[in-house]
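Undergrad: Next up is a structure, given as structure tokens.
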Amino acid sequence: MSDTDTFISELRSSELYLSNERVKAAVDAAIPRIKASPDTGGLVKEIDTLRGDIEAVLAGKQGNLEKNDQEWIKDIVDREYGEASTTLSLVLDPLKSERAPSKEKIKASILKLRPEQIAELRKLREPVLLIVPDTNIERLQTAINKPECKNKGAITGQQDAYVGDFFKDTVMQAAQHFGVRRDQDITKYRFAIVEGAQNFNGTDASEPWNKQQNIRNDKRIADFEAHYAGKGIQSMNAHAYMMLMMRNLRVGKPTDMINASSSQFTLLAGEPKAAHVRDGLVAYGDWNDDKARFADVSLDNPDDLARLRASVMGEVEA
């Protein structure tokens, strides 16, 4: 067990973690950031931030967000909750009493984000709120092939989504990471605020990872991670991307479609990274001719149309 794993284990066994729900929530929100810290300096910063969050909880504070950040969160939740919950309903089974978390719970969970995370999220292209269920690939694949996601807008002749074995295994490993059994009813949810634009033009010089030129996929990922190091921003993960594609298929604007004959694709190097990037491959998603596609691509490919989407995910309060 690594020193980081030992530290996390000690956090989770501490009296404060076990007895104070708000401390538990702060620790649970920080653990993915701690695990993703690229170096010792980043790890120290994340631990210092967590310490401040716990001190704020014990002092009875609601967080350290400025009023304008709180208003931004309120606005995006008020604007996006209806679409997010409608998209989520495609995955849920009401006969099992599966229900979307309330708007208030979503808002309270997002308010735990750090100021630097909000600052970065406000820069995103068309930030979108998603409610991401902790579930298996079979539930997600069934949902994305429902009539509600077929032949909308100018899209005709749409086929069922293609989901490759690597992508299926990625979702399965991610679910296991989040403590979800394969046959488990949906009881846990995550919010995700993601870069929601249908496609990127790829010409923004400030984003080397999204330039429209032949850059190796591993280089794009490394540039993205270097830029966001210590800022609490991750690449989208597979679960979130499937929910974003569902959301956009419902209105006939598939994620990553550029026009009727071309598309970009999103590299998914998200949480947990070990599930998404392995064996020289990385998971990805896109729209290809007549279907949504969820597959894998080599890290050493110099792909002109590869992109990364910034995101923040967090567990929704029970």
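Just so you know, all these numbers are worked out from the coordinates, no wet-lab data involved. In this text, all values refer to a predicted model and were calculated from it rather than measured experimentally. Cβ sites come from the backbone with ideal geometry, for glycine too, and all protein chains shown count toward neighbours.
Undergrad: State, to one decimal in nm², a quarter of the convex hull surface area for the C-alpha atoms of the range 202-318, i.e. the direction-averaged projected area.
TA: Here the figure is 8.2 nm², rounded to one decimal.
Undergrad: Just one of (1) -0.47, -0.65; (2) -0.34, -0.55; (3) -0.41, -0.65 is log10 I(q)/I(0) by the Debye sum over Cα atoms at q = 0.08, 0.10 Å⁻¹ calculated from these coordinates, so which is it?
TA: (2)
Undergrad: May I ask what percent, to the nearest 5, of DSSP beta bridges between residues of the chain are antiparallel?
TA: Roughly 90 percent of the beta bridges in the chain run antiparallel, per DSSP.
Undergrad: So between residue 173 and residue 19, what do we pick up on full extension, going 0.36 nm a residue minus the alpha carbon distance?
TA: Extra length available between residue 173 and residue 19 comes to 52.5 nm.
Undergrad: Another question, then. With the cut-off at 27 Å, tell me which of the pairs 123/211; 211/273; 146/253; 24/273; 112/253; 168/231 have Cα atoms farther apart than that.
TA: 112/253; 168/231
Undergrad: Please get the size of the charge dipole for the range 152-224, origin at its Cα centre, with Cβ charges of +1 on Lys and Arg and -1 on Asp and Glu, quoted in debye to the nearest 20.
TA: Using Cβ point charges on Lys, Arg, Asp and Glu, the range 152-224 gives about 80 debye.
Undergrad: Report the charge-dipole magnitude of the range 3-58 in Debye, nearest 20, computed about the Cα centre from +1 at each Lys and Arg Cβ and -1 at each Asp and Glu Cβ.
TA: That gives a dipole near 140 debye.
Undergrad: Follow-up question, since we're still on this one. So between residue 10 and residue 251, what do we pick up on full extension, going 0.36 nm a residue minus the alpha carbon distance?
TA: 82.1 nm
Undergrad: Computed on alpha carbon atoms, what radius of gyration and Dmax characterise the range 3-58, expressed in Å?
TA: In order Rg, Dmax, the Cα atoms of the range 3-58 give 10.7, 31 Å.
Undergrad: Next question. Apply the Karplus parameterisation 6.51 cos²θ - 1.76 cosθ + 1.60, with θ equal to phi minus 60°, to every residue of the range 181-198 and state each ³J(HN,Hα) to the nearest whole Hz, in sequence, with x for glycine and proline.
TA: Along the range 181-198, the couplings run 6, 4, 9, 6, 4, 7, 10, 10, 9, 10, 8, 9, 10, 10, 6, x, 4, 4 Hz.
Undergrad: Using the number of other C-beta atoms within 10 angstrom as an exposure proxy, rank 5, 69 with the fewest first.
TA: By the 10 Å Cβ count, ascending, the order reads 5, 69.
Undergrad: Could you order peptides 128-136, 252-260 by the average number of other Cβ atoms within 10 Å of their residues, highest first?
TA: Highest to lowest by the protection proxy: 128-136, 252-260.
Undergrad: Same structure, new question: Please report, in debye to the nearest 20, how large the charge dipole of the range 249-318 is about its Cα centre when each Lys and Arg carries +1 at its beta carbon and each Asp and Glu carries -1 there.
TA: Here the range 249-318 has a charge dipole of around 200 debye.
Undergrad: Here's a follow-up. Would you mind getting me the FRET efficiency between residue 104 and residue 66? Use the beta-carbon distance for r and R0 = 25 Å, nearest 0.05.
TA: Efficiency at R0 = 25 Å is approximately 0.75.
Undergrad: For a label point 7 angstrom out from the Cα of residue 119 toward its Cβ, which stretches of the range 67-99 have the backbone nitrogen within less than 15 Å?
TA: From the range 67-99, the list is 67-70.
Undergrad: Moving on. Taking amide H positions as placed in the peptide plane 1.01 Å from N, state which residues far from residue 299 in sequence (5 or more) or on other chains have amide H under 5 Å from it.
TA: Long-range HN contacts for residue 299: 281, 282.
Undergrad: Something else now. Convex hull over the alpha-carbon atoms of the range 1-143: what's its volume per residue in Å³?
TA: About 162 Å³ per residue, rounded to a whole number.
Undergrad: Give the distance, in whole Å, between the Cα centre of the range 26-41 and the Cα centre of the range 120-166.
TA: Computed from Cα coordinates, the inter-centre distance equals 28 Å.
Undergrad: Taking the Cα of residue 138, stepping 7 Å toward and past its beta carbon, and measuring to each backbone N in the range 163-178: which are under 12 Å?
TA: It comes to no residues whatsoever.
Undergrad: If you don't mind, there's one more thing I want to ask. Given only helices, namely DSSP H runs of n ≥ 4 each adding -39500 (n - 2.57), what is the per-residue ellipticity at 222 nm of the chain, to the nearest 500 deg cm²/dmol?
TA: -13500 deg cm²/dmol
Undergrad: Between residue 227 and residue 83, what is the spin-label point distance in nm, taking each point 7 Å from the Cα along the Cα→C-beta axis?
TA: Label-label distance for residue 227 and residue 83, simple model: 2.2 nm.
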